[in-house]
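Q: Just dropping this structure here.
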């Protein structure tokens, strides 16, 4: 029995270490269990550049909005420009301080944060 517990603990630690070293970003959303959207590094740079060059006005909210959280209905969502990448154009976004939040417009759930 002791050996079985030690093996299980070792396997758990091994799996945890492997997850910590992973470069894939997946975030479980509250209640739905869906993964966050993947954005290639070059598109992250384009997004940050766009926000700076176009002087996108940041919004403020009462609560901190995180990946997996819902965006309040009073927050206006902007269309994602096509140069952010073809896989992102189905989403909307808002800019909050130093973060761009990609949002699924159907559910108003944040699917990715770009800092």
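The numbers here are math on the coordinates, done by the rules we state, and not lab data. None of these values were measured; they are calculated from a predicted model. As a convention, Cβ positions derive from the backbone with ideal geometry for all residues, glycine included, and neighbour counts pool all protein chains shown.
Per-residue answers, yes or no, for (1) in contact with a strand residue (DSSP E or B) (Cβ under 9 Å, 6 or more places away or on another chain); (2) closer than 15 Å to residue 37 by Cα; (3) surrounded by fewer than 12 Cβ atoms within 10 Å (Cβ to Cβ); (4) in contact (Cβ under 8 Å) with a residue 40 or more places away in the chain:
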| residue | (1), (2), (3), (4) |
| --- | --- |
| 49 | no, no, yes, no |
| 52 | no, no, yes, no |
| 72 | no, no, no, no |
| 91 | yes, yes, no, yes |
| 100 | yes, yes, no, yes |
| 103 | yes, yes, no, no |
| 113 | yes, yes, no, yes |
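Q: Just to be sure before I move on: is residue 39 over 12 Å from residue 110 (Cβ atoms) and within 12 Å of the chain's Cα centre (by Cα) in the structure I sent?
A: For residue 39, the condition - over 12 Å from residue 110 (Cβ atoms) and within 12 Å of the chain's Cα centre (by Cα) - is met.
Q: Could you please let me know if residue 63 is out of contact with any strand residue (DSSP E or B) (no Cβ under 8 Å at 6 or more places or on another chain), closer than 22 Å to residue 106 by Cα and surrounded by fewer than 11 Cβ atoms within 10 Å (Cβ to Cβ)?
A: So residue 63 fits the description; yes.
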